[in-house]
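Trainee: Here it is, the structure in full.
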Amino acid sequence: MSIVYLNGDYMPMEEARISPMDRGFLFGDGIYEVIPSYDGKLVGFGPHLERMQNGLDAIEIALTIDRDEWRDISSGLVERNGGGNLGIYFHVSRGADSRRNHAYPENITPTVYAFAFEIPPAPVPDKDAASCYTVSTTEDLRWKRCNIKSTALLGNVMHYQHGHSRGHSETILYNAEGELTEAAACNVFVIKDGVVATPDLDHQKLPGITRLMLLEILRRDGSIPVEERTVMLDELSSADEVWITSSSKEIAPVIEIDGKPVGDGKVGDVWLAAQRLYTDHKFDF
Ligand SMILES: Cc1ncc(COP(=O)(O)O)c(C=O)c1O
């Protein structure tokens, strides 16, 4: 049975209750995070918390829970849910109001919800064991604040479904100028002639923590050149490798895009080197 955290208490998920007037439910008015935990060791806890705080500040939710308390909630969930490979989900909504009104209410208490869910074992740097992805592409039709990790995810849900309904497991997005933004729930990397490129950050993309850690690990190591720049959609068709990154997938090789193979259609050598470095250094953050 899954034990969850809601507003200061732990309880079976079935017993967790929130008001139907909660603005998270009515408006998607909230911020969330997902942090991987392997045997209780969190990946990127500091950067994840920093991004959550940036999101809360951006939408003006004041919360008194500090970093230590979030860490305690993570440990509380890990202990109560059997440890192993878990995703720790944090969700803060603006709270429950007495009426439905767009304006931020004053004197409202945020709703804080957290749960743990099973995730696959951490990817290993082994080409034969790699989970390979096939994806579709479509124009990014979301809003202009995609840098905020908002619980209002309908745009991402619909884009994800574009790939899913075609038998794929992600959808890579591009804007009206033909520039790659990200994927429905991942960031995107394009590799050509040994150089790793990823779209530079702006309001069109979530600043992914895996992206951040991977760039830093690669730069510190220095053996694989990296670029943050505008990456065009048509670079996908000439790329040697394409990766999508997220906390649970880490660095996932994409081997087919819109039915066409990426490079030779196999997991690449640059992926192997990058995943090896990521595996060695992901707990440094
Ligand atoms: C839209 C979007 N972009 C990128 C990411 C990857 O972010 P992270 O590496 O922090 O998991 C996610 C993860 O949920 C996402 O939803």
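Trainee: How would you rank 60-68, 248-256, highest first, on the average number of other Cβ atoms within 10 Å across their residues?
Mentor: My ranking of the peptides, most packed first, is 248-256, 60-68.
Trainee: Separate question: Taking the chain as a Gaussian network, Cα atoms linked when under 10 Å apart, which of Gly46, Gly222, Gly95 shows the biggest mean-square fluctuation?
Mentor: Among Gly46, Gly222, Gly95, the largest mean-square fluctuation in the Gaussian network model of the chain belongs to Gly222.
Trainee: How much accessible area per residue does the chain have, counting only protein heavy atoms and a probe of 1.4 Å, in square angstrom?
Mentor: Accessible area per residue: 48 Å².
Trainee: Over the chain, what is the mean sequence separation of C-alpha contacts under 8 Å (at least six apart), divided by residue count, expressed as relative contact order in percent?
Mentor: 19 percent
Trainee: Let me ask something else about it. Evaluate the chain: find the radius of gyration of its Cα atoms, find its Kirkwood radius, and give the ratio Rg to Rh.
Mentor: Using only Cα positions, Rg/Rh for the chain is 0.97.
Trainee: Show which lysines lie in cross-link reach of Lys127 when reach means a straight Cα distance below 17 angstrom and same-chain residues fewer than eight apart are skipped.
Mentor: Output for Lys127: Lys249, Lys266.
Trainee: Now, a different point. To check you understand DSSP bridge types, tell me what percent of the beta bridges within region 132-285 (both residues inside) are antiparallel, rounded to 5.
Mentor: Close to 60 percent.
Trainee: Moving to a separate point now. Quick one: pull the percentage of alpha-carbon pairs in region 240-285 with a separation above 14 Å.
Mentor: That fraction is 51 percent.
Trainee: Using only Cα atoms, locate the centre of region 185-264 and the centre of region 16-80, then give the distance between them in Å, rounded to an integer.
Mentor: 27 Å
Trainee: Could you state, as a whole-number percent, how many of the C-alpha pairs of region 1-143 are farther apart than 19 Å?
Mentor: Counting every Cα pair in region 1-143, those more than 19 Å apart make up 60 percent.
Trainee: Quick one: which residues, 5+ away or cross-chain, put their amide H under 5 Å from the amide H of Met232? H built at 1.01 Å from N.
Mentor: Amide H to amide H, under 5 Å and 5 or more residues apart or across chains, Met232 pairs with Leu180.
Trainee: Same structure, new question: Scan around Asn85 for amide H atoms under 5 Å from its own, H built in the peptide plane at 1.01 Å from N, and keep only partners 5 or more places away or cross-chain.
Mentor: For Asn85, the qualifying residues are Asp39, Ile119.
Trainee: Roughly how many percent of the accessible protein surface of the chain is carbon and sulfur, given a 1.4 Å probe and a whole-percent answer?
Mentor: 50 percent
Trainee: How large, in Å, is region 98-232 by the Kirkwood hydrodynamic radius built from its alpha-carbon pairs?
Mentor: One over the average 1/r among Cα pairs gives 17.4 Å for region 98-232.
Trainee: Another question about this same structure. Compute the length gained on full extension between Glu216 and Ser2: take 0.36 nm times their separation in residues and subtract their Cα-Cα distance, giving the result in nm to one decimal.
Mentor: Gain on extension, Glu216 to Ser2, equals 73.5 nm.
The values are calculated or read from the model by the stated rules, or taken from the named source; none is laboratory data. Bear in mind that the values here come from a model prediction, so they are computed numbers and not experimental data. Positions of Cβ are backbone-derived with ideal geometry, glycine not excepted, and every protein chain shown enters the neighbour counts. We work out accessible area using only protein heavy atoms, side chains counted, and drop any ligands, DNA or RNA first. Shrake-Rupley method; radii C 1.70, N 1.55, O 1.52, S 1.80 Å.
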